[in-house]
Amino acid sequence: MGRKEMVAMLLAGGEGKRLGVLTKDLAKPAVYFGGKYRIIDFTLSNCAHSGIDTVGVLTQYQPLVLNRYLGIGSPWGLDRRDGGMAVLPPFVKQKGGVWYKGTANAIYQNMGFIDRSDPDYVLIISGDHIYKMDYEKMLAHHKKTGADVTVAGLEVPWKEASRFGIMHADDEDRITAFEEKPKVPTSNTASMGIYIFSWPVLQRYLIRDEANRHSSNDFGKDILPAMLRDGMNMFVYPFRGYWKDVGTIESLWEANMDLLDDRPPLDLTDPEWRIYSVSPNRPAQYIAPQASVVSSIVTEGCLIEGDINRSVIFYGVHAARDSVIRESVVMPNAKIGVGARLYRTIVGDGAVIADGVTIGHPDQSSITVVGSDEFISNYKTLLEVEPS
Amino acid sequence: MKNKVMGVINLIHEPDELEILTSGRCPATVPFGGRYRLIDFMLSNMVNSGISRVAVFAHTKYRSLMDHLGSGKHWDLHNRQSGLFILPPSSDDQQELRRGDLYHMFQNRDYFTRSQQEFVVISRSHVVCNIDLAPVIDFHERQDADITVVCKRQTDPIPGKSRKVELNSAGRVIGMQDHYGRLDSDLLSTEIYVMRRDFLMELVETSLAQGQEHLIRHAIMSRLDRLNVYGYLFEGYLGMVNTLESYYWNNMQMLRSDVWKEVFFRPGSIFTKVKDEPPARYLEGAKVSGSLIANGCVVEGMVINSVLFRGVKVRKGAIIRNSIVMQNGVIGENSVLDYAILDKDVVIDQGRDIRGAAGSPFLAGKRKVI
């Protein structure tokens, strides 16, 4: 393999427990988002647009759908003769193999993969976040500051700062302290979980971290604090733009709703920064004469006969006549029956909502989730599935 | 089917009265139904029927064809043993380009002799239908036919030019005439023909030696009394998209949900070159009814009984009725569009009022600014 300046390692092993039934048979990065995408499409498209052509995707939980989806990386331009995409599950070695114990351990176990490209820098990203970012600019910042590690940081609203890993930096963006989910935050720069390491430095710390039996082998909890203690050069790369961790039902729903503003904070239509994905290849959507579609996004292959407002409709959905869909997310190939009503509902792919069933209530703020391939003939049975 | 049948999509002298829609492209790549090109239908039919070796006999204006088909991977025709073969004319000599398809097939006889399949399905690109060809091959073998013609009984005449076919009670073709013929028959040829590969090669050589030029019109139609030609009846939707009128009519037919469900899904899905367009966006003032909308569209105005291709922008207050707007069209604020066909990249300024009539839609060529 030819030499590469920077290799990306994409952590896609997240179990996504907080997404409940949506991740029952699915790794979190493979969860559907935004009408035709899966969450991982955003980071992979970022790599494609940032000129990164060697990407290791670290998988662990429920990898079947994800592996099939990634294939050889063609949709993201990552089917390369030299470099390209490699899916890296935990594997058995001569002395037995182990599960990835943590984010740092996942990289440690694949140091051989990185060394094959002999890179100067390694980009660590995660497949759980929705954002558009040019990693090349971040690399330029990393080189300019002469950093050993650069961490992308986002200014979050103060009241939300206690939900994130918070960084303190001086006027030159040099990191002076980390705080993991502080109760009383004294900074509002959150770590986005995006790191560029100079490879020799990272290698050293990975080996040291692995030798430490008390370590949880995690970038945020172990590697970065250890580097800070040693006084390494650590810098923040300030990012301005849309970024969302879609790790919970609420945040997944919110991020979908964010797309529906007339001027959405995340622009999917930018021809210079297309989000690539495996295209379903379905005919143009058919909006029936009696249908109404307002403030929504709808994808190919849908047959819409009902009334849709502020909702995200994935491909192949059939919304039958007199159905009402409000502030909801309907994933691929779901069927919404005649006269069915959905309010603030996330419907998993292939689910069927029987005629006349109402889910949620127009005045209710909680979100209801229907799992993949479920058949809902009665709202009460649903409440047992997912109390919300 | 894989090693038994090969497909040929014959674009040589394809009937073409599509006016400016084909000024820069061949009929095979005329956009259709919101996101397809005409050739996608026959190509997908073949692939869905298990045919994995398809040759496209390109003729003229095939730049857009090459771009559209690429390696054939969007139709799963990109594999080691077989796949997609685009065979343009072997010479750019004007005299030779004018010659009929028999001549071109003869020129490419090596392609046929190098293939191993026993049967050939020959078709055209301007036929919109969704058909499983496996039963046609079974029928052909059962009848022990020399040639099988796939026909459709069409009691209400459909727009476009079609050949008429007459069958006897045993299902044998006893008459076939071009669209201008006087044959009184409600059976139309779908321009899908099945024969053995070696039979085709023999027919091509014999007919050429006798001074004939065209496979169907000459070689087959003049030998109906000598050959066992049988008609297979196809019952699904059939569109012959070779005139502007039939182009408009067939696009509008896709706005019937029963037709939409059949033509694009049954018995197989129609494939096309994929683009990474985002989902269609409907903004607050959008009002859409009875329309086909492709990905990448942004609708702020009103769209009624129309087909919008990928990436069309309908600005606030704009009204589109009974129209076809191809890729990346822009309809400016408060403009009205009625009975119009806009080719790709047409921009309508704000406040314009553009109306064609039911029988003769307004037509705007590629990249026109109005």
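Derivation of every value follows stated rules applied to the coordinates shown; laboratory data play no part. Remember, predicted model here, so these are calculated numbers, not experimental data. All Cβ positions, glycine included, derive from the backbone under ideal geometry; neighbour counts span all protein chains shown.
What the table below lists for this structure:
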quantity	calculated
Label-point gap, in nm, between A:Asn67 and A:His361 - each point 7 angstrom along Cα→Cβ	4.6
Overall dimensions of the range A:286-376 by Cα: Rg and Dmax, Å	11.2, 32
For the range B:5-265, convex hull of alpha carbons as volume per residue, Å³	129
Pairs beyond 24 Å (Cα-Cα), from A:Lys101/A:Lys181; A:Lys24/B:Lys275; A:Lys17/B:Lys275; A:Lys17/A:Lys221; A:Lys132/B:Lys316	A:Lys24/B:Lys275; A:Lys17/B:Lys275; A:Lys132/B:Lys316
Residue among B:Val47, B:Ser189, B:Ile324 farthest towards the positive dipole end of chain B, charges placed on Cβ	B:Ile324
Long-range tail of P(r) for the protein assembly as shown (Cα pairs > 35 Å, %)	54
Cβ-defined net charge surrounding B:Ser306, 11 Å radius [Lys, Arg +1; Asp, Glu -1]	0
Crossing angle, helix B:134-143 versus chain B [Cα axis fit, 0-90 degrees, rounded to tens]	30
Vicinal HN-Hα couplings computed from phi for the range B:213-220 (Karplus, 6.51 cos²θ - 1.76 cosθ + 1.60; Hz; Gly/Pro x)	10, 10, 4, 7, 4, 9, 4, 8
Base-10 log of normalised Debye intensity for the range A:6-258 (one unit scatterer per alpha-carbon) at q = 0.17 Å⁻¹	-1.50
Trypsin sites (Lys or Arg not before Pro) lying in DSSP loop within the range B:295-370, provided at most 13 other Cβ fall within 10 Å	B:Arg367
Between 0 and 90°, nearest 10: helix B:197-209 axis offset from chain B longest Cα axis	80
Simple Cβ-charge dipole of the range A:132-284, Lys/Arg +1 and Asp/Glu -1, about Cα centre, in debye nearest 20	340
Contact order normalised by residue count of chain B, Cα under 8 Å, 6+ apart, percent	15
Helical contribution to [θ] at 222 nm, DSSP H n ≥ 4, -39,500 (n - 2.57), averaged over chain B, rounded to 500	-6000 deg cm²/dmol
Chain A: relative contact order in percent, alpha carbon pairs under 8 Å with at least 6 residues between	14
Rounded tilt (10° steps) of B:244-253 against the dominant C-alpha axis of chain B	70
Per DSSP, loop trypsin sites (Lys or Arg not before Pro) in the range B:1-104 with at most 10 further Cβ within 10 Å	B:Arg80
Among B:Asn251, B:His74, B:Gln154 the positive-end extreme of the charge dipole of the range B:5-265 (Cβ point charges)	B:His74
Sparse-neighbour loop sites [chymotrypsin sites (Phe, Trp or Tyr not before Pro); the range A:245-348; at most 10 other C-beta within 10 Å; DSSP]	none
